[in-house]
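Read the structure below first, then the notes.
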Amino acid sequence: MKKSALEALPHWRVSIAKGRTIYIEGEPSSTLYRVERGCVRLLVDGTDGARQIISFQFPTQLFGYCLDTRNTSAEAVTDVELTAYPISAVIELGAQNQKAAFELLDTANAAVQRLAHHLQGVSHLPADARVMWFLERLSREPAVGDGRMPPTIRLPMTYGDVAAYLNLTPQTLSRVFRQLEDSQRIHRAGSRVFVVDALAPA
């Protein structure tokens with residue numbers, strides 16, 4: 001939902017330190033969040049006890065829109081600034097304002113689309129294609145990519161986060177990065193900073 005559609009609602013700023021939990025899967029849901037600064041990871045608990053990262057949230061994106069209980073956990077990847085909105089007020093706004101209702105639907109659809117692409121990527125792509133798919137998506141996030149071609153990407157998350165998101169072992173991820181560098185599809189420009197040469201115009 002666009003920020004302007006929420007500004008009339010009660011809201012407040014929340015600062016969360018890097019690594020801290022914002023909410024836990026299964027707890028009662030009462031607040032919708034918008035990322036203003038930083039990066040948030042959404043996780044679910046697997047049947048084997050492992051935690052699976054299913055999404056990263058960046059500035060302007062909303063998360064936490066659950067009507068009853070939280071369907072994921074949320075953690076701060078970096079120090080983050082969030083705007084919080086009462087879900088009850090958001091629901092009331094959607095009931096009274098058709099435009100707001102459509103924007104809420106668009107927000108939900110975007111979240112489902114991100115999850116669908118994530119599932120498709122980690123289920124069907126080989127390891128190197130998963131990493132390139134991930135870097136390409138990050139290049140479109142203004143808080144991560146620089147908007148140039150080829151893009152320079154500064155990873156806000158750890159390599160462990162990337163491995164968990166792409167369903168790769170840390171060892172496999174490290175090997176894939178070396179292979180991509182050797183093939184000159186990417187090159188390092190600093191700690192967790194990459195220039196993605198493969199995305200440059202032909």
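Since every read-out is calculated from the coordinates, none of them should be taken as a lab result. The structure presented is a predicted model; accordingly, all values stated were derived computationally and were not measured. Every residue, glycine as well, gets a Cβ built from its backbone with ideal geometry; the counts of neighbours run over all protein chains shown.
When Rg and the Kirkwood radius Rh are both evaluated on Cα atoms of region 126-202, their ratio Rg/Rh stands at 0.93. In terms of overall dimensions, the C-alpha atoms belonging to region 7-62 reach 43, 24, 18 Å along their principal axes, ordered largest to smallest. Here residue 44 and residue 146 are evaluated by their C-beta separation; at R0 = 25 Å the FRET efficiency comes out at 0.20.
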